[in-house]
Amino acid sequence: MKEVRELVCIGCPIGCQMQVELDDKTVVKVTGNTCKRGEVYAEKECTNPTRIITSSVEVEGGEINVVPVKTQKDIPKDKIFQCIERLKGVKVKAPIKTGDIIIKNILNTGVDVIASRSVAVRS
């Protein structure tokens, strides 16, 4: 089944308005992009969309009560809500360094959830 999807590229600050022609679930043609990154983004978004997830988890004994976390790489878009649900109730103990693994291989995606800020022990 032929379909045309319209996307705004997020590959760079230009934000090109793109049209993606699909035949069934196969990308046939991408137009409107000004660079190769746009074409790559459009194909990926239409065939296997992924996202980096950001959230926060509780910290025990830290100078602050929560630490921001994120997936180290993007994960399949259809796993976003499961990922957020898995992060609910997670508590870590201070000290924490930026890049520390909070959850290894979340949802068997091969992607770790890491701390995106350091947190010292409360003095």
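The values are calculated or read from the model by the stated rules, or taken from the named source; none is laboratory data. This structure is a prediction, so every number in the text was calculated from the model and none was measured. All Cβ positions, glycine included, derive from the backbone under ideal geometry; neighbour counts span all protein chains shown.
So for the range 46-56 (the condition being in contact (Cβ under 8 Å) with a residue 60 or more places away in the chain and among the β-branched types (Val, Ile, Thr)), does at least one residue qualify? Scanning the range 46-56, I find at least one residue that is in contact (Cβ under 8 Å) with a residue 60 or more places away in the chain and among the β-branched types (Val, Ile, Thr), so the answer is yes. Scoring GLU45 on the criteria (1) surrounded by 14 or more Cβ atoms within 10 Å (Cβ to Cβ); (2) in contact with a Gly (Cβ under 7 Å, 6 or more places away or on another chain) leaves a single failure, condition (2). ASP100 meets each of the listed conditions (1) loosely packed, with under 13 Cβ neighbours inside 10 Å; (2) of a type outside the set (S, T, N, Q); (3) at pLDDT 95 or above apart from (1). A residue that is part of a helix (DSSP H, G or I) and free of Cβ contacts under 8 Å to residues at least 60 places away in the same chain can be found somewhere in the range 57-78. Looking across the range 28-42, the residues that are crowded, with 17+ Cβ neighbours inside 10 Å and closer than 29 Å to ILE84 by Cβ come down to GLY38, TYR41, ALA42. Of all the listed residues (LYS44, LYS79), the sole one being within 30 Å of VAL30 (Cβ to Cβ) and assigned by TED's automatic domain parsing to the domain that holds LEU7 is LYS44. Among the residues making up the range 80-121, those that are on the phi < 0 side of the Ramachandran plot and in a helix (DSSP H, G or I) are ILE80, PHE81, GLN82, CYS83, ILE84, GLU85, ARG86, LEU87, ILE106.
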